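The values are calculated or read from the model by the stated rules, or taken from the named source; none is laboratory data. Fair warning: this is a prediction, and the values are worked out from it, not measured in the lab. Reconstructed Cβ throughout: ideal geometry from the backbone, glycine too, with neighbour counts over all protein chains shown. Surface accessibility is based on the protein's heavy atoms, side chains included, excluding ligands, DNA and RNA. Shrake-Rupley method; radii C 1.70, N 1.55, O 1.52, S 1.80 Å.
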Amino acid sequence: MTDEMSTVLPPYRIKVVEPIPFLTADERRAAYAAAGHNPFNLRADQITVDLLSDSGTGATSAEQEAAAARGDESYAGARSWFRFRDEVRDLTGYPHVLPVHQGRAAERIVFSALLRPGQICVSNTHFDTTHANVELAGAHTLDLPCPQARDLDSDEPFKGDIDLGALADVLAGPDGDRVGLVLMTITNNGLGAQPVSMANLEAVAALCRRHRVPFLLDAARFAENAWLVREREAGYSDWTPRQIATRAFQLADGCLVSLKKDGLAPVGGFIGLRNAELYAVCEANLIATEGFSTYGGLAGQDLERIAQGLREVVDVHYLRSRAASTARLATLINEAGVDTVRPAGVHALYLNAGRLLPHLEPAQFPGHSLASELYLRGGIRCAELGSLYLGAVDDEHRLLQPAPFELVRLAIPRRVYTDAHLDYVAETLGRIAKDPERVRGYRIVSAPALLRHFKVRLEPIA
Ligand code: F0G
């Protein structure tokens with residue numbers, strides 16, 4: 001009924017609300033200085049619009065909360081577990097399902113069972129915890145994004161794809177025997193929220209079969225990937241998002257899923273597998289480290305919220321309105337004079353800070369400078385994906401090797417902010433873009449050796 005209209009309506013109305021804080025510019029300046037000029041150190045009650053992550057930050061539905069009230073908290077064999085398991089089996093087709101408290105637990109358990117020291121895990125792009133868990137298993141990561149991903153401005157529809165030629169070369173080359181796993185991240189969070197095409201997944205599946213290498217999906221945003229396939233890939237426009245998602249799972253040997261994104265839940269994840277032996281090894285590890293295999297560290301009420309969330313997330317009206325809202329924000333931001341990685345994905349927009357702030361060297365962290373300015377001007381929290389996060393620095397915190405791009409990610413929580421909140425974000429960016437030379441660079445004051453961006457403290461350069 002709404003299909004012919006240009007206004008895209010979210011398929012819900014709002015029943016429970018939470019107040020958001022409004023601080024003065026002076027209060028924000030003081031709060032940001034006390035936080036060491038690092039958005040991760042801010043308190044949530046100092047933030048007006050929080051776009052730090054789309055993970056675990058979504059709103060639940062009345063049906064999810066009703067289901068949560070029915071949560072069965074039995075230690076083993078709870079009703080809620082069977083509801084969760086059946087929902088996941090039905091969606092993925094995998095016979096073996098293990099619940100975990102979040103995605104990175106799935107990564108740790110599967111990689112420690114599957115990867116041997118010295119082996120290689122190949123991906124379109126590893127997420128940061130995924131990379132860390134591969135390394136913790138003694139193996140190494142290799143990212144092979146498709147060449148189109150390097151052009152931030154092009155409108156190629158599937159810039160999340162893996163470079164098939166490069167993958168084929170690695171598998172057939174001298175390092176081929178060392179490849180212990182091919183992992184496809186859908187959508188590609190590390191590279192502009194770009195989707196992966198079904199054609200690419202099919203080709204990866206065929207290559208992995210030929211070389212007898214396991215092929216898994218990191219499917220945190222499986223529904224959003226399915227939506228973009230439906231919109232952009234020939235032959236899928238009359239498939240439901242759920243059918244597309246199921247088909248994607250069927251192409252792989254298993255999956256690791258953080259349910260804090262497309263599970264529409266504050267917490268949770270799962271491992272889905274075809275192979276019974278691998279499942280048995282993972283189950284033993286799960287019981288020792290996360291919890292019995294019918295709850296995996298989750299409460300019965302969490303399992304219920306997720307089982308219901310997995311139904312709601314593939315709704316056409318929901319996905320259409322979420323994608324439209326993100327695309328609308330991209331248009332507003334671009335019209336305000338700030339470039340974003342194109343084309344717009346669904347869960348996040350990536351601002352091209354390097355282009356907006358050419359007066360700042362990578363060593364002055366232009367991405368971090370723009371993210372800081374968004375907080376100082378508008379109380380908007382987000383984080384950079386640039387040299388602060390990905391660059392190499394020496395012991396004195398001097399930048400040795402910049403990141404390829406200086407980006408800022410605006411991650412959009414699910415069902416939380418209205419278009420008015422997003423208008424406010426675009427207006428704040430528009431004000432910054434009117435005189436970008438005003439934006440100051442930053443230098444590092446102190447930083448931990450590992451996962452620098454979370455705990456780094458900085459100061460503005462005078
Ligand atoms: N894989 C991808 C693609 C992710 O984006 C994340 C988390 C994980 C795995 C790990 O899942 O957080 O449940 O342990 N991404 C969040 C983000 C943190 O903000 O992008 P987790």
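Taking into account only those residues within the stretch 412-462 that are at pLDDT below 95 and in a helix (DSSP H, G or I), which is surrounded by the most Cβ atoms within 10 Å (Cβ to Cβ)?
Selected residue: His453.
Considering only the stretch 271-304, state which residues are within 24 Å of Phe222 (Cα to Cα) and of a type in the set (A, V, I, L, M).
Ile271, Leu273, Ala276, Leu278, Leu286, Leu298, Ala299, Leu303
Results for (1) surrounded by 24 or more Cβ atoms within 10 Å (Cβ to Cβ); (2) of a type in the set (A, V, I, L, M, F, W, C); (3) in the same structural domain as Ala113 (by TED's automatic domain parsing), shown as yes or no for each residue.
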site: Asn189; (1), (2), (3): yes, no, yes
site: Pro195; (1), (2), (3): yes, no, yes
site: Glu202; (1), (2), (3): no, no, yes
site: Ala206; (1), (2), (3): no, yes, yes
site: Val213; (1), (2), (3): no, yes, yes
site: Leu216; (1), (2), (3): yes, yes, yes
site: Ala219; (1), (2), (3): yes, yes, yes
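For every residue, the table says whether it meets (1) in a helix (DSSP H, G or I); (2) small (Gly, Ala, Ser); (3) within 18 Å of the chain's Cα centre (by Cα).
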{"residue": "Arg247", "(1), (2), (3)": "yes, no, no"}
{"residue": "Val257", "(1), (2), (3)": "no, no, yes"}
{"residue": "Gly263", "(1), (2), (3)": "no, yes, yes"}
{"residue": "Ile271", "(1), (2), (3)": "no, no, yes"}
{"residue": "Ile287", "(1), (2), (3)": "yes, no, no"}
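For (1) assigned by TED's automatic domain parsing to the domain that holds Gln148; (2) of a type in the set (Ser, Thr, Tyr); (3) open to solvent by less than 40 Å² (accessible area, probe 1.4 Å); (4) closer than 28 Å to Leu191 by Cβ, each residue gets a yes or a no:
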residue	(1), (2), (3), (4)
Asp262	yes, no, yes, yes
Ala276	yes, no, no, no
Leu298	yes, no, yes, no
Ser325	no, yes, yes, yes
Ala330	no, no, yes, yes
Gly345	no, no, yes, yes
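For the stretch 357-373, what are the residues that are part of a helix (DSSP H, G or I) and surrounded by fewer than 24 Cβ atoms within 10 Å (Cβ to Cβ)?
Pro362, Ala363, Gln364, Glu373
Looking at His317 and the list (1) in contact with a Pro (Cβ under 8 Å, 6 or more places away or on another chain); (2) within 16 Å of the ligand (Cβ to nearest atom); (3) in a helix (DSSP H, G or I), which single condition is not satisfied?
It is condition (2) that His317 fails.
Tell me, which residue of the stretch 226-242 that is without any contact (Cβ under 8 Å) to a residue 40 or more places away in the chain and part of a helix (DSSP H, G or I) is nearest to the chain's Cα centre (by Cα)?
Of everything passing the filter in the stretch 226-242, Val229 is nearest to the chain's Cα centre (by Cα).
Identify, please: which residue in the stretch 113-153 is part of a helix (DSSP H, G or I) and out of contact with any Leu (no Cβ under 8 Å at 6 or more places or on another chain) and is, among those, farthest from Val408 (Cα to Cα)?
Applying the filter and picking the extreme gives Leu136.
Does Arg409 satisfy the criteria of being assigned to a strand (DSSP E or B) and either within 16 Å of the ligand (Cβ to nearest atom) or open to solvent by less than 20 Å² (accessible area, probe 1.4 Å) (or both)?
Against the criterion (assigned to a strand (DSSP E or B) and either within 16 Å of the ligand (Cβ to nearest atom) or open to solvent by less than 20 Å² (accessible area, probe 1.4 Å) (or both)), Arg409 qualifies.
Where residues in the stretch 264-274 are more than 11 Å from the ligand (Cβ to nearest atom) and not aliphatic (A, V, I, L, M), which of them is most open to solvent (accessible area, probe 1.4 Å)?
In this case the residue turns out to be Arg274.
Can you name every residue in the stretch 33-67 that is under 25 Å from Pro448 (Cα atoms), part of a helix (DSSP H, G or I) and either away from the ligand (no atom under 16 Å from the Cβ) or aliphatic (A, V, I, L, M) (or both)?
Ala33, Ala34, Asn41, Ala44, Gln46
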